Amino acid sequence: MAFRFIPSEIPEVILIDPPVVADERGFFMESYKRSEFAAFGIIERFVQSNHSKSRKGILRGLHYQKKPKAQAKLVRALTGEVYDVVLDLRRGGRSFGKWMAVTLSGENKKMLYIPVGFAHGFCVTSAEAEILYMTTEEYAPNLEAGVLWNDPDVAIKWPTTQPTLSPRDRAWPLLRDADNNFTYSVQR
């Protein structure tokens, strides 16, 4: 069994298609294998795992954690379906301020690797969804930051214009005003 690593339109963000063996009993899959990830260049050590459950129309994001505790993430949907979005925060890079989105679902079992320097968010498009993501740094509330989900300069094409948001996610600043200490550098 082998993982397929698929670079996205922002090459550092990687869509991962895990090996799945299915039969009449259900399925078995490897969701992470350090040796294969490292062979592709994803060498981070994951130190925390988070699990969330949300209803249709709930949007969580766009979140990130600043240096010195910036987090890379490995995200997947256990159940349901989400429109998963990443936004490049790395000043000085060609893709600064650009976003991309993929559909992650319990059915397609795909994962998304998000390196340091990106904000992350998702909107639930099924009745419910459970998301599991691993991070390379533990949660540090004093370094938590975000970008407003509907920043007109970023212009993310979310699947809804009326999402359910937390008060915190309603109050994040625009990208141009965000507290962001990331700069572009060649990775890998």
Open item on the list: Take the residues in the stretch 67-86 that are over 9 Å from the mean Cα position of the chain (by Cα) and buried (at least 19 other Cβ atoms within 10 Å of the Cβ); name whichever of them is nearest to residue 180 (Cα to Cα).
Closed with: 70
Open item on the list: Can you find, within the stretch 132-166, the residue that is nearest to the chain's Cα centre (by Cα) among those that are part of a loop (DSSP other than H, G, I, E, B) and closer than 30 Å to residue 34 by Cα?
Closed with: 136
Task: Residues of the stretch 110-131 that turn out to be among the hydroxyl-bearing types (Ser, Thr, Tyr) and closer than 26 Å to residue 91 by Cβ, as a count - done: 1
TODO: Could you give me the residue pairs with C-beta distances under 7 Å whose first residue belongs to the stretch 161-188 and is touching a residue at least 12 places away in the same chain (Cβ under 8 Å), whose second residue is loosely packed, with under 11 Cβ neighbours inside 10 Å and in a loop (DSSP other than H, G, I, E, B) wherever it lies, and which are 6+ apart or on separate chains?
DONE: 174/153; 175/153; 176/153; 183/92; 184/92
Task: Per-region count, the stretch 124-160, residues farther than 12 Å from residue 83 by Cβ and touching a residue at least 60 places away in the same chain (Cβ under 8 Å) - done: 19
Open item on the list: I want to confirm something. Restricting to the stretch 167-188 and keeping residues that are in a loop (DSSP other than H, G, I, E, B) and surrounded by 18 or more Cβ atoms within 10 Å (Cβ to Cβ), which single residue is modelled with the lowest pLDDT?
Closed with: 180
Task: Odd one out for residue 164 among (1) touching a helix residue (DSSP H, G or I) at 6+ places or on another chain (Cβ under 8 Å); (2) surrounded by fewer than 19 Cβ atoms within 10 Å (Cβ to Cβ); (3) of a type outside the set (A, V, I, L, M) - done: (1)
- [ ] Take the residues in the stretch 7-36 that are free of Cβ contacts under 8 Å to residues at least 12 places away in the same chain and among the charged types (D, E, K, R), then tell me which one is nearest to residue 75 (Cα to Cα).
- [x] 34
- [ ] Taking the options 97, 80, 106, 146, name whichever one is within 19 Å of residue 12 (Cβ to Cβ) and of a type outside the set (Val, Ile, Thr).
- [x] 97
Task: Filter result for the condition that a residue is surrounded by 21 or more Cβ atoms within 10 Å (Cβ to Cβ), among the charged types (D, E, K, R) and out of contact with any helix residue (DSSP H, G or I) (no Cβ under 8 Å at 6 or more places or on another chain), over 45, 90, 55 - done: 90
- [ ] State whether one or more residues within the stretch 43-64 are more than 30 Å from residue 162 (Cβ to Cβ) and without any contact (Cβ under 8 Å) to a residue 12 or more places away in the chain.
- [x] yes
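The values are calculated or read from the model by the stated rules, or taken from the named source; none is laboratory data. A quick note: this is a predicted structure, and the numbers were derived from the prediction, not measured. Positions of Cβ are backbone-derived with ideal geometry, glycine not excepted, and every protein chain shown enters the neighbour counts.
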